[in-house]
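The values are calculated or read from the model by the stated rules, or taken from the named source; none is laboratory data. Keep in mind that what you see is a predicted model, and the values were worked out from it rather than measured. Positions of Cβ are generated from backbone atoms using ideal geometry, with glycine treated the same way; all protein chains shown enter the neighbour counts. For the accessible areas, the whole protein counts, side chains as well, though only heavy atoms, and no ligand, DNA or RNA atoms are used. Shrake-Rupley method; radii C 1.70, N 1.55, O 1.52, S 1.80 Å.
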Amino acid sequence: MIVLNGASQLETVDFMTARIDDFGTPRAYNHYAVGWAHAMDTPYQWTKQIASHWGGTRNGTIVHWPNGFEAKGEIRFQFHHVIDVAATVLDVAGLPEPSFVHGIQQMPLHGVSMRPTFRDAAAPERHETQYFEIFCNRGIYHKGWTAVTRHSVPWTLAAAPLLTDDVWELYAPGDWTQAHDLAAEQPERLAKLQQLFLIEAAKYNVLPLDDRRAERMNPELAGRPQLVRGNRQLLFGGMGRLSENSIVVMKNKSHAITAEIDVPDGGARGVIVAQGGAFGGWTIYVKDGKPAYCYNLFGLQRFKVHGDAAMPPGEHQVRMEFAYDGGGLGKGGMASLYLDGDKVGEGRVDATVPMAFSADETLDIGSDSGTPVTDDLGSAEVTFNGRVHWVEIDLGEDADDADHLISPDELLRVAMARQ
């Protein structure tokens, strides 16, 4: 996640070699080395995220349907795309394409069925045109020909060149590994395919092209649509596996997180709420009966604040207030921990994650379902042994208000605003 947050300069040779024994274990979250990425995509050019070339997109497909066709061990060469899978399933199942789902009108499927090729190896190709684009690495397939241009690579987050400076390549239908560039020999054909890419890109909302990488990990900074809007979000006990983009963005700003919990007889333990995992995230939890907060910076440092006394059985509000230093992205701040309105702990967080905690970790209430954010709890202690009624995330100006409790009336107002 260090690289995906635009901090690749941290991963020096010395940094990597000092941790080489962790690679391939649960203690690491490393990508494949660039050389291995190329090797695994042989014989095609380039790799994942470079959608212009087949090395970034092309995969084999196995179709198995014992009662649908007699062919076995045969190969088909017609071009198809992943968008054709849904159309194929509906076709073979004899189901119409849904035009409405739960009262919401659906966009027509863009794919075509692969079914004609199942019984006829020589069936005409139906998917004649397909655009490709990721981070402005773009290409177009049309009746066997491909025109492609690589704009950037995922392992270098430096500023990419101007789109107008990108060099396009042209490959013929028989050149399935894209080995012989014909751009200089057939400039007119290349120009037509470049124009076709723009037509398809406009048709399917690919434009405007956006070549930012690290910034797009944080939709707020990228100016892209967000699933959750506003300065507050209310979550309830039992919720889990909530993706990072379905939670209000707390990065690079002050915020407060409040949880109402029931502590059982004998004392509480476990995670109240956690977002992210072992390589970046935050959590409010209970250790030895005491409330605690942990901020995990890329798995390199864990900043912790522990309460000073155990919570007695009954209903309580645990609140963490984070006062962001400001002055840019990824800065630090002060974390203050409150129990029922009284401050019970305070600690410094020297730096924070600016863009994204993880590509696959989530937010959980009452547990931490992925890798653990904090190393304070054993595997048997992760699930909260009491009850979490609700958790509220507050980004508003009143996050540092002197009243550190949320009243029932205020909670009701927030809940009704979500209806």
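Observations on the structure shown:
- Reported count of residues in the range 137-155, each being more than 20 Å from Pro124 (Cβ to Cβ) and without any contact (Cβ under 8 Å) to a residue 40 or more places away in the chain, is 0.
- Near pairs, Cβ below 9 angstrom, 6+ apart or cross-chain, from the range 378-394 (free of Cβ contacts under 8 Å to residues at least 40 places away in the same chain) to any residue that is surrounded by 15 or more Cβ atoms within 10 Å (Cβ to Cβ): Ser379/Pro372
- Subset of the range 6-18 (residues that are surrounded by 10 or more Cβ atoms within 10 Å (Cβ to Cβ), farther than 15 Å from Leu297 by Cβ and among the aliphatic types (A, V, I, L, M)): Met16, Ala18
- Of note, Asp342 satisfies the criterion of being over 26 Å from Met239 (Cβ atoms) and over 22 Å from the mean Cα position of the chain (by Cα).
- Any hit, the range 216-235, residues being part of a helix (DSSP H, G or I), open to solvent by 50 Å² or more (accessible area, probe 1.4 Å) and charged (D, E, K, R): yes
- The condition (being loosely packed, with under 13 Cβ neighbours inside 10 Å, out of contact with any strand residue (DSSP E or B) (no Cβ under 6 Å at 6 or more places or on another chain) and free of Cβ contacts under 8 Å to residues at least 60 places away in the same chain) is satisfied by just one residue among Asp41, Asp21: Asp21.
- Test: residue in the range 44-59 that is in a loop (DSSP other than H, G, I, E, B), farther than 20 Å from Arg138 by Cβ and modelled with pLDDT under 95: no
- Within this structure, Ile261 passes the test of being open to solvent by less than 30 Å² (accessible area, probe 1.4 Å) and touching an Asp or Glu at 6+ places or on another chain (Cβ under 8 Å).
- Flag for Leu198 being in contact with an Asp or Glu (Cβ under 8 Å, 6 or more places away or on another chain) and farther than 27 Å from Leu90 by Cβ: no
- Residue that is aliphatic (A, V, I, L, M) and in contact (Cβ under 8 Å) with a residue 60 or more places away in the chain, where the choices are Ala309, Ala292: Ala292
- Candidate set: the range 169-203, residues that are among the acidic types (Asp, Glu) and touching a strand residue (DSSP E or B) at 6+ places or on another chain (Cβ under 6 Å); chosen: the one most open to solvent (accessible area, probe 1.4 Å): Asp181
- Residues of the range 75-100 that are in a loop (DSSP other than H, G, I, E, B) and of a type outside the set (A, V, I, L, M): Arg76, Phe77, Gln78, Phe79, His80, His81, Gly94, Pro96, Glu97, Pro98, Ser99.
- Evaluation of Val388 against (1) at pLDDT 95 or above; (2) open to solvent by 40 Å² or more (accessible area, probe 1.4 Å); (3) under 21 Å from Ala268 (Cα atoms) (one fails), failing number: (2)
- Meets criteria (touching a residue at least 40 places away in the same chain (Cβ under 8 Å), assigned to a loop (DSSP other than H, G, I, E, B) and among the aliphatic types (A, V, I, L, M)) for Leu182: no
- Counting only strands (runs of 3 or more DSSP E) that sit wholly inside the range 101-168, those with at least 2 residues that are open to solvent by 20 Å² or more (accessible area, probe 1.4 Å) and in contact with a helix residue (DSSP H, G or I) (Cβ under 8 Å, 6 or more places away or on another chain) are 129-134.
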